[in-house]
Amino acid sequence: MALPGWSHQASPFHPGEQTVQRRVGVRDKVEAIGRQVVRDYMPEQHRSFFAQLPMLLLGALDADGQPWATLLMGEPGFTHSPDPRTLRIAAETVSGDPLHGCLGAGAAVGLLGIELQTRRRNRMNGRIVAHDESGLSIAVQHSFGNCPQYIQQRNIEHVGLPATLPAAEHATTLDTAAIVQISGADTFFIATSGQPADDDTLGQHGSDVSHRGGKPGFVRIDDAQTLTWPDFLGNFHFNTLGNLEINPRAGLLFPDFARGDLLYIAGRAEVIWDGAELAAFTGAERLVRLHVERVIRLRERMPLRWVLQAYSPVLDHTGDWQAVAGAVALAVEANAYRPLQLIRREAESATITSFYLQPADDKPLAGYRAGQFLPIRIDHPELGRLHRTYTLSQAPDGRHYRISVKRDGRVSQYLHDTLQPGTLIDAQAPRGDFVLDAASSRPVLLLSGGVGITPMLALLDALAPPAGPRHRPRPVWFIHAARNGAEHAFGAALRQRTALQPQLRLHVRYSQPAQGDTLGASHDSVGRIDADLLRSLLPLDDYDVYLCGPDAFMRQVYWVLRGLGIQRQRIHYERFAQGEPLEADPDGPIAALAPTTPQPVTLVKSGRTIAWQPGGTLLELVEQHGLNPPYSCRGGLCGSCSTTIWEGSVCYPQTPAHAITPGQALICCAMPAGPLALEL
């Protein structure tokens, strides 16, 4: 929360929090929300809530500037609010607590009131104005509520304290007992501070304590001095991460709810913003890693016990480290094919069917980003071995893939007519660049035609998750074009979502409504997507546009968007087949001319050198010589054929749409620029 000198009128968030909000792309919207929900007093509901609690979490700094999270306990009523700007706590830290003697007048504290049996919590940040024999008096600086996400429901029992308390145990690394406790933990609390690490003016900056919850074992023990955990979708205040942006020191508290022990861990934290592990952890927005410096164990210090009743339902949509390890291992073999088994199929329209696939081996699914596609290969009884790519039509859930295929051509017809539950097909790891701009906070416009709806469904899952009480604060317009109701896939499901999600606005336009189609029910207007429709639906704003559909549809709608003043770089589009970009990038690479004479191409793995003839691609060359490397599109769209260049260079007579990794060649559309060696 805001540091001293930062008035509530200026912003309820300090510079570190603002930095993280800006990085994630929610800065403006969260600022507006924060001014409404972050108060400089405690509302009556919060005052009565704190008064009924038997425990309270507190975060503050010790004499060395190290943040610690601690637990204060007492009979309900030990915490009370005599007025909206004051909180009284009639309790002391437990024996051996690292904050003992550090909670004097002037100290900044963060408080978390949490009621596990009802999964309620409220937050307060303030400053100690008095500490006497009756306890602490805290002046309120910020008060705000938190949603129940990730809180496990537990019932409470009062057992008292033993006559003799075991001595505190101190260490600088995690011992076996700590590793066992953390490995099974589903809850911990983290204390951080907005005080810069090189600032020795103790108590001059805000402190915070926050709750973290996940599946048992969601905190991974990398070694005896390193912990890593996922940071899930939250309220976008970023109190913890904002403090870490300023000061990496953090204090963790793991309560043993069954035994009454308290495990304190202090160290320095780093936030991991990208990487293979993050991409593979379903539901994780970031990872946080703590480098352990101090460990304190206080046994039997809690006179309370809690019995687990139910895990948070939100956890069903999060991953685990075992799945991450498997997915990361699979990513190393991303171009290798593996068997997937069809577990069910669903007709979405007269022409589109969804196929649900899960691993047929003992390895987990490779992770992916919403909007990407799945390369598959099939052995067609007449056409032989064929490769195709089909969009994944839902965001990742860690359990299965869903592809939604239009009956259009011999391969898709074969899938529709042949694939039944139990059928095996081979697939590579998902890939593709048609994904959300994660750094943007602009409103989103999804525009699709026909089967182009499939990647939009996955993007919509990521923008407005169908499960969980908290959604990303980005308004979404979804405009879809179809010929009629018979060919309109997922129509009923989308209508149901719009009724539940106010930030989602849906408009469906049919070009040729059929008998039985009802205006206002199956569709909202008749015609084609044009400038008049977009002007009538969309408020003036700076949109991120995602466009997908048949080539003619995309070209027409693209130039409608450009005519409305939407910048070229704001329009992202997915193409199902080879073709020129909808608009050339004036700053993009210039396509190169291929040689007009034969060139030697060495295949490093086989030790062969073969002659390339002008006019053909490298993929066509190696296929002529009996090789069958992975590919999908033959147009430089997907990257499936990316191959390492050992020596030489390649050229592209037509610039590929897929990004070219240095040292790699997209052999489906590349030609040698001269003598060449490839890892094939």
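Structural remarks
- Between 0 and 90°, nearest 10: helix 551-563 axis offset from the chain longest Cα axis: 60 degrees
- Contour minus Cα-Cα distance for S183 and Q556 (0.36 nm per residue): 128.8 nm
- Kirkwood hydrodynamic radius over Cα pairs of the chain, then Stokes diffusion coefficient at 10 °C and 1.306 mPa s, in µm²/s: 56 µm²/s
- What a 1.4 Å probe finds exposed on the chain is 51% carbon and sulfur by accessible area, rounded to a whole percent.
- In the context of the full set of protein chains, segment 438-547 has a per residue accessible area of 41 Å² (1.4 Å probe).
- Of the GluC sites (Glu not before Pro) found in segment 308-386, those that fall in a DSSP loop while having at most 12 other beta-carbon atoms within 10 Å are E382.
- Potential extension, D542-H100 segment - 0.36 nm per residue separation minus Cα distance: 153.8 nm
- Between A139 and E31, the FRET efficiency estimated from the beta carbon spacing at R0 = 30 angstrom works out to 0.80.
- In the chain, the longest principal axis of the Cα atoms and the axis of helix 321-332 are about 30 degrees apart.
- Relative to the 2.2 N^0.38 Å rule of thumb, segment 395-531 has a C-alpha radius of gyration ratio of 1.16.
- Solvent-accessible area per residue, Å², over segment 1-107 with all protein chains present [probe radius 1.4 Å]: 40 Å²
- Given R0 = 30 Å, the distance between the Cβ atoms of A310 and A521 translates into a calculated FRET efficiency of 0.20.
- Diffusion constant of segment 216-359 at 4 °C, which comes from Stokes-Einstein with the Kirkwood Cα-pair radius and 1.567 mPa s, µm²/s: 70 µm²/s
- For segment 83-190, the orientation-averaged shadow of the C-alpha convex hull comes to 9.2 nm² (one quarter of the hull surface).
- 0 to 90° range, to nearest 10: angle between helix 491-500 axis and the chain longest Cα axis: 20 degrees
- Once the Cβ-Cβ distance of Q569 and A492 is raised to the sixth power relative to R0 = 22 Å, the FRET efficiency obtained is 0.05.
- Computed from point charges on the beta carbon alone (+1 for Lys and Arg, -1 for Asp and Glu), the dipole magnitude for the chain about its Cα centre is near 1420 Debye.
- Across all Cα atoms of segment 131-202, the radius of gyration (one decimal) and Dmax (whole number) stand at 18.3, 43 Å.
- Amide H contacts under 5 Å for L680, placed H, 5+ residues apart: V604, K605, S606
- Approximating the spin labels as points 7 Å out from Cα along Cα→Cβ, the D274-to-R442 distance works out to 1.9 nm.
- Gyration tensor (Cα) of segment 342-422, equivalent ellipsoid semi-axes in angstrom: 20, 15, 12
- Normalised by the number of residues in the chain, the average gap of Cα pairs under 8 Å and 6 or more apart makes the relative contact order 9 percent.
- Long-range Cα-Cα pairs in segment 37-129 (distance over 23 Å), rounded percent: 20 percent
- Estimated inter-spin distance, D83 and D408, nm [label 7 Å along Cα→Cβ]: 6.9 nm
- Fraction of the pair-distance distribution of segment 30-91 above 18 Å, Cα-Cα pairs, percent: 51 percent
- Each Lys and Arg contributes +1 and each Asp and Glu -1, all at the Cβ; summed about the Cα centre of segment 372-423, the dipole is approximately 100 debye.
- Inter-label distance, nm, simple model (7 Å from Cα along the C-beta direction), T164/A63: 2.9 nm
The values are calculated or read from the model by the stated rules, or taken from the named source; none is laboratory data. Computed from a predicted model, the values in this text were never measured in an experiment. Every residue, glycine as well, gets a Cβ built from its backbone with ideal geometry; the counts of neighbours run over all protein chains shown. Just so you know, the surface numbers come from the protein's heavy atoms only, side chains and all, with ligands and any DNA or RNA stripped out. Shrake-Rupley method; radii C 1.70, N 1.55, O 1.52, S 1.80 Å.
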